[in-house]
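Enquirer: I have a structure I would like to understand better, so I am pasting it below and will then ask my questions one at a time.
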Amino acid sequence: MPSSKDGRGVSARPVVEDLWAGWKAQALVAAVDLDIFRHLASGKRSVGEIAAAAHATPRGIRGLLDTLVAMRYLGKRGDRYNLRPLADIFLVPGRPSYIGSAVALTRSLWSDWARLADVVRSGRSLGSAGIETVHAQLAEGLFELNHRTACWAVEALPASRLRSIRRILDLAADTGAWSLAFAKTLREVHVTAIDFPATLRITRRQASRRGLARHYKFLPGDFRKMVFSPEAFDLVILGHSLHALGPSDAGELIRKTATALKPDGLLLAAGFFPNDVRTGPLLPLLFGLNMLLHTPEGDAFTLRQYRNWMREAGLQGARTLSGVAVSPLILARKK
């Protein structure tokens, strides 16, 4: 039986793989920076063709391509490379499901994660620029992922329920990724988008780019301090916003938004949800550490916490929508 003290018979490979996991992320970021996936989608298959198109050395391109094969983003036959489905769907610019902004976010947060031990030790976040700046950075970096999830959520709702939605409150609107999916589908809908001024400028730009700005009223400000009109909205959207707050503020924000809902109105919230004992899944727990790094009190809250806040706010029937989302959504109805 392997000894837990001297390690005989126990491989250190899992530890080394975790320590070197960041190298995988950097390889993927480098591939996007060099347009590797676009070059492959355009028909370039050999090291020489891709190196010439990327203005890079054959030696470097060969090493990067082979690594991407091992990571299952590319296939290889002889000296020819091809896209595998994940890369073809998510990493080719111009594809409907392209998530290049998430790559940019990974790059921008890299140096912050190198300071995690300092933050754990001191208890002080790196958010010296303020929650407004951090919120805008995360919102823009997650736009494609969030919008893809929102479009799926619209498709998941029954047609009869969609037809009842006329007024939407998009609270902490981010880039508009969530409400834009509803505005595109529901031509008579009116969206009130509230967020910090820096982020709301992105919301306005995204809505205008899609010809949907006429559906929107943009209200800049701190959503934590605003008072909402009672029973004014059929749907309130809380995108990836509650995890930037502390538990008491998150619960209070749900209570306020529930007040703004009409009877039988819906609250749609997004988050990264660890299990109740916080032993997994890994992605939500890592996102919780990201909140530790960048916010004074934020965290990845459990589904039980969300459901308790919703029940206390007079909402019922809370259920999760998972589908193709990287993180699930939670939907509840006002009594």
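Enquirer: Around residue 167, which amide H atoms from residues at least 5 apart in sequence, or from another chain, sit under 5 Å from its own amide H, with H modelled in the peptide plane?
Expert: Residues meeting the amide H criterion: 190, 234, 235.
Enquirer: Further question on the same structure: Starting with the highest mean, order 237-245, 10-18, 33-41 by the number of other Cβ atoms within 10 Å, averaged over the residues of each peptide. Please list the in-between numbers first.
Expert: Numbers: 237-245: 24.4, 10-18: 9.7, 33-41: 20.2.
Ranking, from highest mean packing down: 237-245, 33-41, 10-18.
Enquirer: At a 10 angstrom cut-off on C-beta neighbours, averaged per residue, how do the peptides 150-159, 267-276 rank from highest to lowest?
Expert: The densest-packed peptide leads the list: 267-276, 150-159.
Enquirer: Next question. Once phi is turned into θ = phi - 60°, what whole-Hz ³J(HN,Hα) does the Karplus curve with 6.51, -1.76 and 1.60 give for every residue of region 27-41, x standing for Gly and Pro?
Expert: Those phi angles translate into 5, 5, 4, 4, 5, 5, 4, 8, 6, 4, 6, 5, 5, 5, 5 Hz.
Enquirer: Using Cα centres only, tell me the gap between region 167-185 and region 87-129 in whole Å.
Expert: Rounded to whole Å, the Cα centres lie 23 Å apart.
Enquirer: Let me ask something additional. Distance from a point 7 Å along Cα→Cβ of residue 190 to each backbone N in region 234-255: keep the residues under 14 Å and list them by number.
Expert: The answer is 234-235.
Enquirer: A further question on this structure: Taking the alpha-carbon centroid of each part, what is the distance from region 206-221 to region 265-319 in angstrom?
Expert: Region 206-221 and region 265-319 have Cα centres separated by 28 Å.
Enquirer: For a 22 Å ceiling on Cα separation, which of these pairs sit above it: 44/76; 256/334; 184/225; 184/335; 217/256?
Expert: 184/225; 184/335
Enquirer: At 7 Å along the Cα-to-beta-carbon direction for both residue 311 and residue 232, put a label point, then send me their distance in nm to one decimal.
Expert: Inter-label distance under the simple model: 3.1 nm.
Enquirer: When the expected Rg is taken as 2.2 N^0.38 Å, what fraction or multiple of it is the alpha-carbon Rg of region 107-334? Walk me through the intermediate numbers first.
Expert: On the way: Rg = 16.7 Å, N = 228, 2.2 N^0.38 = 17.3 Å.
Against the empirical 2.2 N^0.38 Å value, I get 0.97 for region 107-334.
Enquirer: Among residues other than residue 99 whose Cβ falls under 12 Å from its Cβ, what is the net charge (Lys/Arg +1, Asp/Glu -1)?
Expert: Here the count lands on +1.
Enquirer: Determine, for 20, 110, the number of other Cβ atoms within 10 Å of each Cβ, and report the residues in order from fewest to most.
Expert: In order of increasing Cβ crowding within 10 Å: 20, 110.
Enquirer: First select every other residue whose beta carbon is under 12 angstrom from the beta carbon of residue 308; then total the charges, Lys and Arg +1, Asp and Glu -1. Write out the running numbers ahead of the final one.
Expert: Working: positive: 255, 304, 307, 311; negative: 276, 312.
Net charge around residue 308: +2.
Enquirer: Also, I was wondering about something else. Kindly state, to the nearest 0.05, the FRET efficiency for residue 297 paired with residue 219, given R0 = 25 Å and r defined as their beta-carbon distance.
Expert: Taking R0 as 25 Å, the efficiency between residue 297 and residue 219 is 0.55.
Enquirer: At 7 Å along Cα-to-Cβ for each site, give me the label-to-label distance between residue 277 and residue 159 in nm.
Expert: 4.6
Enquirer: Moving to a separate point now. If each of residue 13 and residue 121 carries a label point 7 Å out from its Cα toward its Cβ, how far apart are those two points in nm?
Expert: Computed distance between label sites residue 13 and residue 121 equals 3.5 nm.
Enquirer: Now for a different question. List the residues of region 21-62 whose backbone N lies under 16 Å from a point placed 7 Å from the Cα of residue 97 along the Cα-to-Cβ direction.
Expert: none
Enquirer: Can you figure out the FRET efficiency of residue 82 with residue 26, using R₀ = 35 Å and their beta-carbon distance, to the nearest 0.05? If you can, show how the numbers build up before the last one.
Expert: Values: r = 23 Å, r/R0 = 0.65.
It comes out at approximately 0.95.
Enquirer: Same structure, new question: Quick check on the chain: helices-only [θ] at 222 nm, where DSSP H runs of length 4 and up contribute -39,500 (n - 2.57) each and the sum goes over total residues. Nearest 500, please.
Expert: -14500 deg cm²/dmol
All of the numbers you see were taken from the coordinates with simple rules; none came from a lab. Values in this document were obtained by computation on a predicted structure and should not be read as measured data. With ideal geometry, Cβ positions are generated from the backbone for all residues, glycine too; neighbour counts draw on all protein chains shown.
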